[in-house]
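The values are calculated or read from the model by the stated rules, or taken from the named source; none is laboratory data. Remember, it's a predicted structure, so these values are computed and weren't measured experimentally. Methodologically, a virtual Cβ is constructed for each residue, glycine included, from the backbone with ideal geometry; neighbour enumeration extends over all protein chains shown.
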Amino acid sequence: MSSKTLSAVLQKRIRRLCLNDFPCRPVNCTKNCADRADTEDTDARLDLLRCPHSPWKSDPSWSPQAPALRELAVLTPGHLDDRFIYNYFTTLRIVDKGVSVIDEGLLKFSNLEELVLTSNEITVISAQNLPSTLKILELRANRLSALDGLTSSPPPRLHHLGLGSNSLGSHVDVFQLTGKHWPQLLSLDLGDCEFQDQQALVNTLTTLPCLRTLVLEGNPFTLASCYPGFTVDSLPRLSYLDTLQISPDERHRFRGLAKMSDLTVDRASATVSIGKMRGIPDPLSADNSDFPVVTYGYFITYDFCAHQIPANPKLDSESKLDAPTTAHVTEDGFSDADLQSNRNCEKENSKLDTRDSMVHAEGTCHDIAQVSRHSTAKLTWSECMDFSDTQTYVVRNLGGLKRFFNLGLNLQIEEEKVLSWPAVSKDITMTKSSQNEKEKKGGKDKQTSVKSGSTKDKSKDKKKKSAPELVHDAPIRRLLGSVHVPLQSLTRRGQKVDVLCDFGVLQTEEAPQTLEKDPRKKIKEDKKKEEEKSASASKGKGKGRKEREVEVITDSSEPVQLVPVTVEFSVELERWESAAEALLLSHQIS
């Protein structure tokens with residue numbers, strides 16, 4: 001790919017000014033055109049340059065001197081040579097033009113004071129090609145990865161240096177920002193770079209004697225709990241930080257923070273909370289059968305960037321939360337053995353999910369911190385399910401945390417269904433065999449004994465039906481919905497993302513379709529068919545009237561209004577608001 005030099009782009013811009021063509025110069029102008037300037041319609045040609053709808057109207061955004069230079073060409077034709085044109089420009093703004101090289105042709109602009117090269121493709125800057133008169137140099141959103149070329153012989157009068165949104169952040173880059181290289185620097189933009197060592201960077205910036213405005217937001221270290229307090233207390237001469245003015249009250253609150261011993265400045269603490277979930281349709285509304293017993297559980301999962309084990313979790317999905325969930329599910333018919341096996345399966349699945357999420361994260365962004373999957377407690381269905389799940393993550397890999405926030409987070413709703421069937425009892429087979437032997441005997445004694453036996457069996461069946469033994473199938477899990485939660489605002493000094501996630505309208509799985517191929521259901525359907533055959537003899541007008549009534553009721557029933565599923569979700573970064581709070585919270589975490 002061929003490189004595009006800055007001087008070539010500037011030459012193209014100057015040619016588009018048409019300084020040697022109409023309307024800047026009169027038609028058929030000769031070398032004596034200066035003597036005939038008074039006879040030309042100068043005002044008319046100036047109108048052609050100034051009219052917004054004129055075809056000769058040029059774009060002045062790249063330099064405020066461009067329109068004035070064109071008018072000067074109309075008023076004083078023949079006096080504009082190349083040297084005069086280059087010296088006339090004091091501001092050049094070449095934005096998003098694919099410039100990759102700042103060549104020595106820029107030195108022709110000997111009076112240049114402001115150079116803006118935002119959103120180009122510059123990888124290396126040679127300070128020898130920069131005019132010494134520069135006061136403003138803006139290089140945001142380029143492809144810079146080092147500052148050593150810029151600091152070899154920097155412009156001595158530079159007041160503003162914009163280096164934001166570049167791949168800068170090494171220790172070598174930190175030591176290139178000293179007052180030795182930039183003695184008159186008033187404003188420095190390092191936003192959205194990759195600086196992670198806040199203490200080393202701030203110590204270097206203290207050597208800039210004239211620094212008053214500083215932009216640091218978007219760097220990984222700005223996610224730490226001590227930001228911006230540590231920076232504010234370390235730079236007492238600073239007036240503006242991240243475009244916000246530093247107030248005297250803010251300085252007073254953070255006084256002494258930078259001098260605290262054993263203060264950890266490279267650690268972030270994020271709290272993830274899941275509240276209430278609404279809108280899940282009732283999965284058992286259309287299932288009136290006795291068996292199988294269907295139990296539904298709902299839980300929410302998400303992946304989060306964590307350098308170490310979550311600190312001080314208020315809820316633990318694998319231990320503390322399983323106790324109330326287990327008790328609740330047991331009331332619905334689960335056995336302790338099945339619940340223990342389900343928990344073991346969940347732990348194995350969580351390990352696999354963690355491994356898969358780590359591989360995916362490594363393929364997505366380099367050097368990202370470990371991504372682990374968290375699952376809330378499983379709750380049975382209700383119109384409003386309150387998870388009240390809160391996890392606090394302490395992260396030391398701030399670069400990985402920044403990339404994770406830029407990618408965002410996926411929140412998923414999962415459903416777990418368990419089918420339970422009555423166990424085959426030995427007592428039932430024994431009673432059936434004894435009844436067959438008694439049926440072989442004749443006479444009234446046989447009938448009375450059968451009746452007495454049947455009444456006893458009925459009483460036993462009632463007792464057994466009150467608390468039947470159930471056999472549980474393996475749990476069936478399915479993903480109900482997923483939503484993406486943007487977290488990029490947390491990298492811009494945002495402290496909290498609080499959203500109501502909308503999953504849309506979800507449909508529950510119909511029970512008849514799930515149990516269609518089950519052999520137990522076929523037996524039940526055969527019994528229903530036999531009952532229908534026995535009742536077919538008494539079929540008449542009354543039944544037809546009942547059928548018509550059912551149809552009327554069905555037709556008159558109102559359609560169910562489905563509502564979207566919503567989940568309360570928030571992510572909050574810990575920010576120390578004062579030196580006293582920093583002292584208290586830092587000791588609690590450590």
Qualifying residue in the stretch 200-215 (condition: of a type in the set (G, A, S) and at pLDDT 95 or above) | yes
Examine the stretch 247-264 for a residue that is among the β-branched types (V, I, T) and buried (at least 18 other Cβ atoms within 10 Å of the Cβ), and state whether such a residue exists.
-> no
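Confirm whether S225 is closer than 18 Å to F254 by Cα, over 21 Å from the mean Cα position of the chain (by Cα) and small (G, A, S). Don't jump to the end; show me each part of the working.
On the way: closer than 18 Å to F254 by Cα: yes; over 21 Å from the mean Cα position of the chain (by Cα): no; small (G, A, S): yes.
So S225 does not fit the description; no.
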Of the residues that sit in the stretch 471-506 and are among the small types (G, A, S) and under 27 Å from S225 (Cα atoms), which one is nearest to the chain's Cα centre (by Cα)?
-> S489
